[in-house]
Amino acid sequence: MSLWCNSGGSWDGEVASFRHDLMGVINAWEALGCKQPCPISFSSEEIQQHKEELEEYNDMVETMADIINTLGTSDEGPVSHERYSAVASRSCQRGVEKGRCHHS
């Protein structure tokens, strides 16, 4: 489980992956060797809402991966001066393809 890895995202307002990992801990509580009942629980409504938010989160992750792949950048986005024109051109072309920007 990546509970501790994903906990930092909650400071930035991204809680879907952290909540998902927390639900995994709850489901594995006994298998983790815990003798007392798990002190954390989610209602069925919270679980349903989480499923919807997780789907949106996964779509966002997929979109970001597509952008990174298309532009040929790292996940942090820096681009060297030498590659800037090529990356900017690809970015604009991607925007045109998605109907988000127009060539003049």
Run the numbers for E82 and M60: contour at 0.36 nm per residue of separation, minus the present Cα-Cα distance, in nm.
5.0 nm
May I ask you to evaluate 6.51 cos²θ - 1.76 cosθ + 1.60, the Karplus curve with θ = phi - 60°, for each residue of the range 62-71 and list the ³J(HN,Hα) values in order in whole Hz, giving x for glycine and proline?
5, 5, 5, 4, 5, 5, 4, 5, 5, 7
Have a look at Q48, Q36, I26 and report the one farthest towards the positive end of the charge dipole of the range 12-68, computed about the Cα centre with Cβ charges (Lys/Arg +1, Asp/Glu -1).
Q36
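With a 10 Å radius around each residue's Cβ, average the other Cβ atoms per peptide and rank 37-43, 86-92, 14-20, 76-82, highest first.
14-20, 86-92, 37-43, 76-82
Here, each number is a calculation from the coordinates, and none is a lab measurement. Please read all numbers here as calculations on a predicted model, not as lab measurements. Virtual Cβ from ideal backbone geometry, glycine too; neighbours counted across all protein chains shown.
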